[in-house]
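The values are calculated or read from the model by the stated rules, or taken from the named source; none is laboratory data. Since the structure is predicted, the reported quantities are computational estimates derived from the model, not experimental observations. So basically every Cβ, Gly included, is an ideal-geometry build from the backbone, and we count neighbours across all protein chains shown. Just so you know, the surface numbers come from the protein's heavy atoms only, side chains and all, with ligands and any DNA or RNA stripped out. Shrake-Rupley method; radii C 1.70, N 1.55, O 1.52, S 1.80 Å.
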There are 4 protein chains.
Amino acid sequence: MIQREALGVAVIGTGRMGTDHVRRINDVVSGARVTAVVDIDAGRAKEVADGVSGCTPYTDPTAAMAASDVGAVLIASPGPAHEEALLAAIDRNLPVLCEKPLTPDAASALRVVRAEEKRGHRLVQVGFMRRYDTEYRELKALLDSGRLGRPLMLHNRHRNPGAPPYFTNAHLINDSVVHEMDVTRWLLGQEITAVTVMRPARSGNAPDGLDVPQLVLFETDGGALVDVEINVTPGFGYQVQAEAVCEHGTAGVGDARGMLVNTAGRWGGAILPGFVERFEEAFDREVQDWVDATRRGEVTGPSCWDGYAAAAVCEAGVLAQAGERRVEVELADRPELYR
Amino acid sequence: MIQREALGVAVIGTGRMGTDHVRRINDVVSGARVTAVVDIDAGRAKEVADGVSGCTPYTDPTAAMAASDVGAVLIASPGPAHEEALLAAIDRNLPVLCEKPLTPDAASALRVVRAEEKRGHRLVQVGFMRRYDTEYRELKALLDSGRLGRPLMLHNRHRNPGAPPYFTNAHLINDSVVHEMDVTRWLLGQEITAVTVMRPARSGNAPDGLDVPQLVLFETDGGALVDVEINVTPGFGYQVQAEAVCEHGTAGVGDARGMLVNTAGRWGGAILPGFVERFEEAFDREVQDWVDATRRGEVTGPSCWDGYAAAAVCEAGVLAQAGERRVEVELADRPELYR
Amino acid sequence: MIQREALGVAVIGTGRMGTDHVRRINDVVSGARVTAVVDIDAGRAKEVADGVSGCTPYTDPTAAMAASDVGAVLIASPGPAHEEALLAAIDRNLPVLCEKPLTPDAASALRVVRAEEKRGHRLVQVGFMRRYDTEYRELKALLDSGRLGRPLMLHNRHRNPGAPPYFTNAHLINDSVVHEMDVTRWLLGQEITAVTVMRPARSGNAPDGLDVPQLVLFETDGGALVDVEINVTPGFGYQVQAEAVCEHGTAGVGDARGMLVNTAGRWGGAILPGFVERFEEAFDREVQDWVDATRRGEVTGPSCWDGYAAAAVCEAGVLAQAGERRVEVELADRPELYR
Amino acid sequence: MIQREALGVAVIGTGRMGTDHVRRINDVVSGARVTAVVDIDAGRAKEVADGVSGCTPYTDPTAAMAASDVGAVLIASPGPAHEEALLAAIDRNLPVLCEKPLTPDAASALRVVRAEEKRGHRLVQVGFMRRYDTEYRELKALLDSGRLGRPLMLHNRHRNPGAPPYFTNAHLINDSVVHEMDVTRWLLGQEITAVTVMRPARSGNAPDGLDVPQLVLFETDGGALVDVEINVTPGFGYQVQAEAVCEHGTAGVGDARGMLVNTAGRWGGAILPGFVERFEEAFDREVQDWVDATRRGEVTGPSCWDGYAAAAVCEAGVLAQAGERRVEVELADRPELYR
């Protein structure tokens, strides 16, 4: 049975995602509350903690993890800080929800895998929230049912209305296409074995420093071929679509449209402005599921292995993108813990 | 077998519809040519005839019908002139395609029915072109198949981007809703027994003299209930939709959309500008079918009875509209010829 | 600022809706917990309470309301029991979320209005959950913006895959169409002044005792005309659609479709099976908003007046349905508290 | 002005396409009639000619072209017979509508280009009928308008319900993907410079001898990147879709859907069964436009150069497919006549 007390969560990192998770845990999900916030900026940590009853600010993640009212950790700090926090939490046997990426590269991700493997049981869930999206789950259920036969292709579109000023081509792979990497692995239950990146002429509308659009192709160990249009178009809106091409038919998600307006010779509606609106319920469900599982003493959701595999595919993707060629993915053997 | 020679057609009336039919017969459909055009304005008749090789202008319909190169008649003159032309054609045993309305009122329409009945065989096809629209035909085929069970309701929307300056509320019934009357009778194979008209507040955007939108309700002798939104909204575009509610499900047409554009935070496309664009292929098919049937010596398509029944329902509709109440439709007995 | 403690809620009634709300409050929404459940069946109350930590079973609503750990009441008992529970809660100054209907008839609903009016501030929120549906809220926002001009018509479809065995024609009005009554009043900000019910032939597929489909028409004091197809078709699925026809265009909701599957010569997808799936997030949002408002010391959401007006329109609707005619709605003067 | 007499057409080849064109010219389009049919099988030629008034059967194309009642030639014989018939028609200065392919390979196609170039004016139109499809024309108009900026990507799906028994992987390129080659060149106004073919695991549902699905990628001299899913799935239906990704947005065609049926828990409709149904109007329009232009003494539509370029891209495509790699396209210099 579920533990009586609300789960006390330490949120590490108080940027956009971290702050949003603080709000989510306190105001949206059931059974948890934020008892600690951590930021290297002490003023920032205090500011956020002051807005939450019963919440203590910290600058050191390990100090927060040692607090008696902390039963689990949500990591939303910048990627380079993840490894240390993850290893500390694993060391203390604390359940973790870690925003993607697990860590910034495959080598460090593998170290986290090894640490968890050594611990002997899963503690870490990685924040690939598309797995909690209703439509993607429908698609997964259909593919798993086998009703359409084997999936052979997966067409994806990933379109953004903008990108942060620091965004580079490598960020397109590591921050954006990484979602399609995880979706591919999860939907198909297959590992990605090679990545190819092709680029058309650069859009005159592209933000500085970004060569968009690009076409990213994955091959999998199950023989599937996956294409991803990754795009950033100022003012466009946010569109994420996937269509699986199977032996007996196809199934697509991401075309759901809300209110239809007919006026002035046009039919149509609004494209969602961003990933927050598109995946808000997925984020809520992700955190609620994590809280529920944690209170039951379980770990479900995407694993460290999923985080590691994504990192390895990202590395291949960045190489493929830089050289505009096909790069094979090298993965360690999959530990028993993740089978 | 089909007669070798192209069918020589006399087109009576050279307004918008007449001129368009001249073009259609000469440039679009196969197996016919316009050999005569008739207009009470001799200059206008000559002008149109001059543009067509082998075409003679007339001011008198009966003179045109007497010409040796005229084998069939297409009536596109104003409604009040239809009866005389129809009776003359029936008298000469000439096949006729008569633009709607058959005649402007039920009494005159019934006289045409009687004349054709006396002739003993069908000669006249009435221009209810929706029966030739691909989607409406799909819907008809589905209803006829019985796969959804009996149709119980029919929801219709009939939206226009504008109306001619002379348009009155009565025109809404006689020129616009008359299409839904025919669609109802044809799709369901039932006669309309009562009409009710209800009006919300008048749109501040309504053209002068029109109280739009209005809701028109039909009851049928088969127990079906039909609602029609009739509307005129400047700048809106042209939308015609129908949804049949049957015992086991529903089926709708008119929502087909063409090119989908995603840009500037909106998805959508263009609403067709008018009935010409929406029903262009239906007009082409209607005339081609009429030409083909005529060359085979047959008469198919909507009959004088259909024209008469529409006129009778229109009369009830105008009364219902004026009094905002329910008015029953009175029909003569259906002659054997139309069963 | 929000009170620190979770809101203790007494849930009255442990049928389908009551049990679902117990689950929702405990497992889904934030900031509340079920501290009391009430059922006249003591065994049933104990059974439900045993599944919830810190929850006490009661057979008497007033006893539960007197408990120190109860700060608010959720009424999900059968409609005839509502009035007594509502008056008791108002007497104790306890905030209430009352599942629809407020009470089974207009006279009793008006007594609740008077009691709350006497109390001098709002305590009661009525469970019209469509107001919390994302798409209906989008439509409301668009109408309120005035961008499409005044709403003149509202077309509604309300289709169900089944009905409980006890369902009668009156239930169609009181349990089903009541949602469109509230939607009409809320979306348009207008009161319903008359109801007309029309019926086509009865579906051979209709459940025993139900004459479906029916067409229900509302007129409003703002001059809008509203039509509702209410239908029950075994095996059909659940569809709720609304389209507002405004001066400059139309806007529709309820056509959102999820995964699109192409296979075996067909494109398409699944119709949701029932109202739980269609409005699950609306229910969650409704209860979360109620908990949040209550903890802030506020009452938002549909009021007792909304519940009373719906009851008055229902009474007119049932009369109209029985007589197949137009019946005017009589409302008391709207108290200052609800303006 | 258009010539008075109907255009006399010799149809060469009386297979599926040839017979369908005989029907089209006689029964559908205006201003032309079939005066000669040619088939190496004399019995077959006679059989078809017997069904058409005033039509003479031939076994020798040049004999038919020499007949006084033949004013134009429609070539619908197997591809290997095209070159000889084309050169004969060009020699006689006869206008030609040649079903795709122009000829089976680039070298022979270039010979036809040279012959026409020598003649000094265009005589030949190649049967790329998608250019006459309403939706593709809308897309072309939008791209030409520049409203969405430059096109950077073009996503295509080309799905078939079956293939003839003799179909090989090379046919997928030469008979199916050749349409996307022409669409790419026409929509973008760019030449294809390289082709890559990638294959996922073969569908267990694939017809014998076909490795489907495949992903074909084009690069263009304007910097666009084009992907084509080519697929054959027994029982699937026929789907052809294209989405242009431009600097300011995207535009897609081929998703138009007809009648929507809601029943038994499913919404949806029928996928068209084949290319005839999907492109019937495009075929009609293609032939009507050719007849009209020919009667005006003009040649419009896809040129010999378009036929040659498609052949050259096909050759690269087949090589790319066989080797699963990228192959560059080599084109002759474009003659002045086709600029």
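Confirm whether A:R4 is at pLDDT 95 or above and within 14 Å of chain C (Cβ to nearest Cβ).
Criteria not met by A:R4.
Among the residues of segment A:245-279, write down those that are of a type in the set (V, I, T) and more than 14 Å from chain B (Cβ to nearest Cβ).
Of everything in segment A:245-279, those that are of a type in the set (V, I, T) and more than 14 Å from chain B (Cβ to nearest Cβ) turn out to be A:V245, A:T250, A:V253, A:V276.
Each row is one residue, and each column tells you yes or no for (1) more than 21 Å from B:H158 (Cα to Cα); (2) surrounded by fewer than 17 Cβ atoms within 10 Å (Cβ to Cβ); (3) free of Cβ contacts under 8 Å to residues at least 12 places away in the same chain.
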| residue | (1), (2), (3) |
| --- | --- |
| B:P273 | no, yes, no |
| B:T294 | yes, no, no |
| B:G317 | no, no, no |
| B:L337 | yes, yes, no |
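Taking segment A:130-149 as the search range and keeping residues that are in contact (Cβ under 8 Å) with a residue 60 or more places away in the chain and over 21 Å from D:F236 (Cβ atoms), which one is nearest to the chain's Cα centre (by Cα)?
A:R130
Sort through A:E286, A:E219, A:E315 and tell me the only one that's in contact with a helix residue (DSSP H, G or I) (Cβ under 7 Å, 6 or more places away or on another chain), charged (D, E, K, R) and not assigned by TED's automatic domain parsing to the domain that holds A:L97.
Every option except A:E315 fails the conditions.
Given the conditions (1) of a type in the set (D, E, K, R); (2) at pLDDT 95 or above; (3) farther than 23 Å from A:L86 by Cβ, report the number of the one that A:E336 does not fulfil.
Only one criterion is unmet by A:E336, namely (3).
Scan segment C:257-268 and report the pairs whose first residue is over 13 Å from D:G237 (Cα atoms) and whose second residue is assigned to a loop (DSSP other than H, G, I, E, B), with Cβ atoms within less than 7 Å and a gap of 6+ or a chain change.
Taking only residues 6 or more apart or on different chains, the pairs are C:R257/A:A256; C:G258/A:A256; C:L260/A:D255.
Give the residues of segment D:14-26 that are touching an Asp or Glu at 6+ places or on another chain (Cβ under 7 Å) and farther than 16 Å from D:V276 by Cα, sorted by residue number.
Matches in segment D:14-26: D:T14 only.
Could you tell me how many of the residues in segment B:176-198 are in a helix (DSSP H, G or I), more than 16 Å from B:F275 (Cβ to Cβ) and hydroxyl-bearing (S, T, Y)?
Of the residues in that region, 1 qualify.
Scanning for something out of contact with any strand residue (DSSP E or B) (no Cβ under 7 Å at 6 or more places or on another chain) and polar (S, T, N, Q), does segment C:143-152 turn up at least one residue?
There is at least one residue in segment C:143-152 that is out of contact with any strand residue (DSSP E or B) (no Cβ under 7 Å at 6 or more places or on another chain) and polar (S, T, N, Q).
Yes or no, residue by residue, for (1) more than 15 Å from B:A320 (Cβ to Cβ); (2) open to solvent by 10 Å² or more (accessible area, probe 1.4 Å); (3) more than 9 Å from every other protein chain (Cβ to nearest Cβ):
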site	(1), (2), (3)
B:N160	yes, yes, yes
B:N169	no, yes, yes
B:I173	no, no, yes
B:E191	yes, yes, yes
B:A224	yes, no, no
B:I230	no, no, yes
B:A242	yes, no, yes
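Kindly list the number of the only condition in (1) within 14 Å of another protein chain (Cβ to nearest Cβ); (2) under 22 Å from D:V261 (Cα atoms); (3) open to solvent by less than 40 Å² (accessible area, probe 1.4 Å) that fails for B:R185.
(1)
Six or more apart or on different chains, Cβ under 6 Å: which pairs go from a residue in segment B:35-58 that's polar (S, T, N, Q) to one that's at pLDDT below 95? Could you list them?
If the second residue must be at pLDDT below 95, the pairs left are B:S53/D:R4.
Taking strands (runs of 3 or more DSSP E) that do not extend beyond segment C:234-339, which have at least 1 residues that are closer than 29 Å to A:K140 by Cβ and of a type in the set (K, R)?
Fully inside segment C:234-339 and qualifying: C:266-270.
Is segment D:325-336 home to any residue that is in the same structural domain as D:R199 (by TED's automatic domain parsing), hydrophobic (A, V, I, L, M, F, W, C) and within 16 Å of the chain's Cα centre (by Cα)?
No, segment D:325-336 contains no residue that is in the same structural domain as D:R199 (by TED's automatic domain parsing), hydrophobic (A, V, I, L, M, F, W, C) and within 16 Å of the chain's Cα centre (by Cα).
Is it the case that A:G79 is surrounded by fewer than 16 Cβ atoms within 10 Å (Cβ to Cβ) and either closer than 11 Å to A:T14 by Cα or touching a Ser or Thr at 6+ places or on another chain (Cβ under 8 Å) (or both)? Working first, answer last.
Numbers: surrounded by fewer than 16 Cβ atoms within 10 Å (Cβ to Cβ): no; either closer than 11 Å to A:T14 by Cα or touching a Ser or Thr at 6+ places or on another chain (Cβ under 8 Å) (or both): yes.
It is false that A:G79 is surrounded by fewer than 16 Cβ atoms within 10 Å (Cβ to Cβ) and either closer than 11 Å to A:T14 by Cα or touching a Ser or Thr at 6+ places or on another chain (Cβ under 8 Å) (or both).
Being assigned to a loop (DSSP other than H, G, I, E, B), more than 11 Å from chain D (Cβ to nearest Cβ) and touching a strand residue (DSSP E or B) at 6+ places or on another chain (Cβ under 8 Å) is the filter here, so list the residues in segment B:7-55 that pass it.
B:G13, B:T14, B:D39, B:C55 - these are the residues of segment B:7-55 that are assigned to a loop (DSSP other than H, G, I, E, B), more than 11 Å from chain D (Cβ to nearest Cβ) and touching a strand residue (DSSP E or B) at 6+ places or on another chain (Cβ under 8 Å).
Anything in segment B:89-121 that is open to solvent by 50 Å² or more (accessible area, probe 1.4 Å) and among the charged types (D, E, K, R)? List them, or say none.
Result: B:D91, B:R92, B:D105, B:R111, B:R114, B:E117, B:K118, B:R119.
May I ask you to list the residues in segment D:79-97 that are among the charged types (D, E, K, R) and out of contact with any Pro (no Cβ under 8 Å at 6 or more places or on another chain)?
Narrowing segment D:79-97 to residues among the charged types (D, E, K, R): D:83-84, D:91-92.
Of everything in segment D:79-97, those that are among the charged types (D, E, K, R) and out of contact with any Pro (no Cβ under 8 Å at 6 or more places or on another chain) turn out to be D:E83, D:D91, D:R92.
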